[in-house]
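Peer 1: Please read through the structure below; I'll follow up with questions.
The values are calculated or read from the model by the stated rules, or taken from the named source; none is laboratory data. As the structure is a prediction and not an experimental result, all values here were calculated from the model. Reconstructed Cβ throughout: ideal geometry from the backbone, glycine too, with neighbour counts over all protein chains shown.
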Amino acid sequence: MENAEREKVTIELMKLEDLDRVIEIEKLSFTNPWSRNAFAAELTDNHFSTYIVAKFNGSVVGYAGMWLVVDEAHVTNVAVLPEYRGRGIGELLMRSLMDIARGSGARRMTLEVRKSNYVAQNLYSKLGFEPMGIRPGYYSDNREDAVIMWADLLEK
């Protein structure tokens, strides 16, 4: 993404009004997408959760979420519209989550990623995440293993 384009991307806290677009991205990104009700519950009922959206020219093109529990942050999901992938939006979302987590007192951050998703693993490695284990059969759609990755937020 060119610098001029990147300046048009804003990161905001997710609102209920963003959910139509978030659900659209979710369905285009995952074989077992979360429901609208699941996202709504995260926004209204889960006091551990923080969700953000990336907007390009005012339209939601990506989102990410995490749970903050004591001094650890657990990334729940990250997705970008297919036509906006490869432009740095996923990295911007992840860096924003890491900054929010750090500002909330988190010392470490973790996530699971499909063993076959090398693009995401490379991004997470670039951000300081290291593989620390495997969750066998973690993904219910095809029983694919998940790589568990951790990052120390105090080093950045």
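Peer 1: Of the residues E72, E24, E2, E42, which single one is at pLDDT 95 or above, within 22 Å of K126 (Cα to Cα) and either more than 15 Å from the chain's Cα centre (by Cα) or charged (D, E, K, R) (or both)? Explain how you work it out, then say what you get.
Peer 2: Numbers: E24 fails: within 22 Å of K126 (Cα to Cα); E2 fails: at pLDDT 95 or above; E42 fails: within 22 Å of K126 (Cα to Cα).
Exactly one residue qualifies, and that residue is E72.
Peer 1: Okay, moving on. Looking only at the stretch 97-112, count how many residues are free of Cβ contacts under 8 Å to residues at least 40 places away in the same chain, assigned to a helix (DSSP H, G or I) and under 14 Å from A64 (Cα atoms).
Peer 2: Of the residues in that region, 1 qualify.
Peer 1: Take the residues of the stretch 93-133 that are under 18 Å from Y51 (Cβ atoms) and of a type in the set (D, E): which is surrounded by the fewest Cβ atoms within 10 Å (Cβ to Cβ)?
Peer 2: Looking at the filtered set, the residue picked out is D99.
Peer 1: OK, next. Yes or no: the stretch 13-26 includes at least one residue that is surrounded by fewer than 19 Cβ atoms within 10 Å (Cβ to Cβ) and either polar (S, T, N, Q) or closer than 20 Å to V119 by Cβ (or both).
Peer 2: Taking every residue of the stretch 13-26 in turn, none turns out to be surrounded by fewer than 19 Cβ atoms within 10 Å (Cβ to Cβ) and either polar (S, T, N, Q) or closer than 20 Å to V119 by Cβ (or both).
Peer 1: Still on this structure, please answer the following. Check off (1) over 25 Å from L19 (Cβ atoms); (2) in contact with a helix residue (DSSP H, G or I) (Cβ under 9 Å, 6 or more places away or on another chain); (3) not small (G, A, S) for V70 and give me the number that stays unchecked.
Peer 2: Exception for V70: condition (2).
Peer 1: Do you know which residues across the stretch 134-156 are among the hydrophobic types (A, V, I, L, M, F, W, C) and loosely packed, with under 12 Cβ neighbours inside 10 Å?
Peer 2: Matches in the stretch 134-156: L154 only.
Peer 1: Let me ask you something else. Modelled with pLDDT of 95 or more, under 29 Å from R143 (Cβ atoms), surrounded by fewer than 13 Cβ atoms within 10 Å (Cβ to Cβ) and of a type outside the set (D, E, K, R): is that true of N32 in this structure?
Peer 2: Values: modelled with pLDDT of 95 or more: no; under 29 Å from R143 (Cβ atoms): yes; surrounded by fewer than 13 Cβ atoms within 10 Å (Cβ to Cβ): yes; of a type outside the set (D, E, K, R): yes.
For N32, the condition - modelled with pLDDT of 95 or more, under 29 Å from R143 (Cβ atoms), surrounded by fewer than 13 Cβ atoms within 10 Å (Cβ to Cβ) and of a type outside the set (D, E, K, R) - is not met.
Peer 1: Looking at the stretch 38-92, which of its residues are closer than 25 Å to Y118 by Cβ, without any contact (Cβ under 8 Å) to a residue 40 or more places away in the chain and among the charged types (D, E, K, R)?
Peer 2: Those that are closer than 25 Å to Y118 by Cβ, without any contact (Cβ under 8 Å) to a residue 40 or more places away in the chain and among the charged types (D, E, K, R): E83, R85, E91.
Peer 1: Continuing with the same structure: Looking at (1) under 22 Å from E26 (Cβ atoms); (2) modelled with pLDDT of 95 or more, can you tell me which one P131 breaks?
Peer 2: Of everything listed in (1) under 22 Å from E26 (Cβ atoms); (2) modelled with pLDDT of 95 or more, P131 misses just condition (1).
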